[in-house]
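So the structure is just underneath, and the comments pick up after that.
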Amino acid sequence: MKIALAQLNYHIGNFSENVSKIKSNIRKAEEEGADLVVFSELAICGYPPRDFLEFSEFLDLCEQHLIDIAKECKNIAAIVGCPTRNTSGKGKKLYNSACFLREGKVEFIQRKTLLPTYDIFDEYRYFESNNEYQLIEYKGKKLALTICEDIWDIGEDKLYEKSPTDEFAALDPDIFINISASPFSKGHYNERCEMLSANAIKYNKPFIYVNHIGAQTELIFDGKSMVCDADGVIVKTLKSFEEDLSIYDTNSKSVSAKLVVDDMQDVLNGLVTGIRDYFKKSDFKKAVVGLSGGIDSALTVAIAARALGPENITALMMPSPYSSDHSIDDSVELCKRIGCENKEIKIHDLIDGFDIALDPIFKGLPKDLAEENIQARIRSILLMALSNKFGGILLNTSNKSEKAVGYGTLYGDLSGGLSVLGDVYKTEVYRMAEFINREEEVIPVHILVKEPSAELRFDQKDSDSLPDYEELDPVLFQYIEENKSAPEIIKMGFDENLVRSILSLVNRNEYKRFQTAPILRVSKKAFGMGRRMPIVGKYLS
């Protein structure tokens, strides 16, 4: 049998575009001789639809378009992900389903069994779990349909009491097919390969895995759909971060086709995809970025230019009395190399205006954080003015290290419509900038070598307020990504006072992160929907 894997970029709720892509790829797969074409999880409506699933009209449209797509399947069959209603009168009102389409109709529906409720997933909020298992017989093959999480519960640490793969294996299928919506994170491709190989070896059956590509706000999907043979060898892998259609012949000879993935390139591609799709799917074209002369804003501009084109980037420099001359020179040089527009507004007089206005209240008090934050908020007002006047989205440039410990000003440098580097630690920011510069020096080297500074007072350095990032980031990683407690991190050899002070900063600044822009997720634990902490919690404060 020839099975086409259709890896597409869907837009949540954009039925006309999604359905058009699905139909087009059904025809293309048929023209290329495929017997069956497989699409990903919830392909018709896009993933994750979240509370759109609460609307009856939304569900009606899903069902109507599913029937319409089936009409394309006269000489070819298709498997398409779609929410379907639970008519039993018991449990949740919906199922997350894989629908088998053949001879112009919806012939069979297999429902998802394992509904993840960890990290970014919240599927049990909407869906009822499946408890019925049946194979599809087609073209002399018996097919077991599974949906994403259904094949992930393998290994010693079981999250679920029921194993859908065990249930299907008892029916002796020829092939397992899994339609998925597996978000990108650094290193996750190898985890998927290991999971598929473990399943294939355990059941001695080939596994076909079809994933999304593209981005849905903070979630990024990298594709890399694949086929694993019964010996656990990855014999086909589709493109990374690109739409793709590829045919797997079940009679073909097994040859390894596992990708060699560069994590830094993967993260860079993920961020480019995240920006590009956020703008495209929100009907925006232009971005505004505040350019300080520092590494974070420089990297943000470089990535945004790749995603949107340099002609669609406006960089605004806003020097104050505390800004160094090289910060302006470095920013101008960066824009020249990238080819984006740059503008400059000095904020000296605006700072003086606030000082004068506040003098009757602040009179006699020393200047401190309040005045520094005013500078950050002045810059935010100017950036948002450009955004409003010319229709561009303001990109936030804060990195994960700063967001973690609250080193940023609410309604100031934490402002923006999308956070580009909010899941990239400061030490990773430097490595990514060097990676971008490996063939051509896009980011001026002086930006990479100078000491980090917010330049909100004379001779200010980040190290005045924070540990060195080489000390800070490993502790943050253990706490945020690895969920290690203070005692556990201290046992790893980190200084106790350092650990407790860092963790205290993280917990105390949850209120800031709660009010900031969506963060493009590129790690296994990003701030936002995947890390839900109480704002007023006292733990480790």
Exercise for the section: Could you look through the range 18-54, keep only residues that are more than 25 Å from the chain's Cα centre (by Cα) and among the aliphatic types (A, V, I, L, M), and pick out the one that is nearest to residue 211 (Cα to Cα)? Expected result: 37
Problem - Lone unmet requirement of (1) surrounded by fewer than 16 Cβ atoms within 10 Å (Cβ to Cβ); (2) in contact with an Asp or Glu (Cβ under 9 Å, 6 or more places away or on another chain); (3) not polar (S, T, N, Q) for residue 57 - result: (2)
Exercise for the section: Find the helices (runs of 4 or more DSSP H) located wholly in the range 465-541 whose residues include 3 or more that are among the hydrophobic types (A, V, I, L, M, F, W, C) and in contact (Cβ under 8 Å) with a residue 40 or more places away in the chain, and list them. Expected result: 469-480, 496-508
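For every residue, the table says whether it meets (1) free of Cβ contacts under 8 Å to residues at least 24 places away in the same chain; (2) farther than 23 Å from residue 77 by Cβ.
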| position | (1), (2) |
| --- | --- |
| 14 | no, yes |
| 33 | no, no |
| 46 | no, no |
| 56 | yes, yes |
Handout entry: Subset of the range 138-183 [aromatic (Phe, Trp, Tyr), under 28 Å from the mean Cα position of the chain (by Cα) and within 17 Å of residue 108 (Cα to Cα)]
Key = 176
Practice task
Could you tell me whether the range 391-404 includes any residue that is more than 28 Å from residue 530 (Cα to Cα) and modelled with pLDDT under 95?
Solution key: yes
Practice task
Would you confirm whether any residue within the range 29-42 is of a type in the set (D, E, K, R), outside any loop (DSSP other than H, G, I, E, B) and either outside the structural domain of residue 144 (by TED's automatic domain parsing) or at pLDDT 95 or above (or both)?
Solution key: yes
Exercise for the section: Report yes if residue 260 is touching a residue at least 12 places away in the same chain (Cβ under 8 Å), surrounded by fewer than 23 Cβ atoms within 10 Å (Cβ to Cβ) and β-branched (Val, Ile, Thr), otherwise no. Expected result: no
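Mind telling me which of the residues 371, 344, 451, 441 ends up being acidic (Asp, Glu) and either surrounded by 14 or more Cβ atoms within 10 Å (Cβ to Cβ) or in contact with a Gly (Cβ under 8 Å, 6 or more places away or on another chain) (or both)? So that I can check it myself, show each step before the final result.
Details: 344 fails: either surrounded by 14 or more Cβ atoms within 10 Å (Cβ to Cβ) or in contact with a Gly (Cβ under 8 Å, 6 or more places away or on another chain) (or both); 451 fails: either surrounded by 14 or more Cβ atoms within 10 Å (Cβ to Cβ) or in contact with a Gly (Cβ under 8 Å, 6 or more places away or on another chain) (or both); 441 fails: either surrounded by 14 or more Cβ atoms within 10 Å (Cβ to Cβ) or in contact with a Gly (Cβ under 8 Å, 6 or more places away or on another chain) (or both).
So the residue among 371, 344, 451, 441 that is acidic (Asp, Glu) and either surrounded by 14 or more Cβ atoms within 10 Å (Cβ to Cβ) or in contact with a Gly (Cβ under 8 Å, 6 or more places away or on another chain) (or both) is 371.
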Exercise for the section: Might you check whether a residue that is under 27 Å from residue 462 (Cα atoms), of a type in the set (D, E, K, R) and in contact with a strand residue (DSSP E or B) (Cβ under 6 Å, 6 or more places away or on another chain) occurs anywhere in the range 347-360? Expected result: no
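Name the one entry in 72, 63, 30, 41 that is surrounded by 14 or more Cβ atoms within 10 Å (Cβ to Cβ), among the acidic types (Asp, Glu) and closer than 24 Å to residue 273 by Cβ.
Working: 72 fails: closer than 24 Å to residue 273 by Cβ; 63 fails: closer than 24 Å to residue 273 by Cβ; 30 fails: closer than 24 Å to residue 273 by Cβ.
The conditions single out 41.
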Exercise for the section: Look through 320, 292, 297 and report the one residue that is touching a Ser or Thr at 6+ places or on another chain (Cβ under 9 Å), at pLDDT below 95, surrounded by 15 or more Cβ atoms within 10 Å (Cβ to Cβ) and not aliphatic (A, V, I, L, M). Expected result: 292
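Considering every residue within the range 10-17, establish whether at least one is in a loop (DSSP other than H, G, I, E, B), on the phi > 0 side of the Ramachandran plot, under 23 Å from the mean Cα position of the chain (by Cα) and of a type outside the set (Lys, Arg). Let's see the steps before the verdict.
Pass one, the range 10-17, residues in a loop (DSSP other than H, G, I, E, B): 10-14.
If we keep only those that are on the phi > 0 side of the Ramachandran plot as well, we get 13.
If we keep only those that are under 23 Å from the mean Cα position of the chain (by Cα) as well, we get 13.
Remaining after also requiring of a type outside the set (Lys, Arg): 13.
Scanning the range 10-17 turns up at least one residue that is in a loop (DSSP other than H, G, I, E, B), on the phi > 0 side of the Ramachandran plot, under 23 Å from the mean Cα position of the chain (by Cα) and of a type outside the set (Lys, Arg).
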Fill in the blank from the handout: Within the range 59-87, residues being over 31 Å from the mean Cα position of the chain (by Cα), assigned to a loop (DSSP other than H, G, I, E, B) and in contact (Cβ under 8 Å) with a residue 24 or more places away in the chain number 6
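The values are calculated or read from the model by the stated rules, or taken from the named source; none is laboratory data. Note that the coordinates shown come from a computational prediction; the quantities given were computed from them, not determined experimentally. Ideal geometry is used to build each Cβ from the backbone, glycine not excepted, and the neighbour counts take in all protein chains shown.
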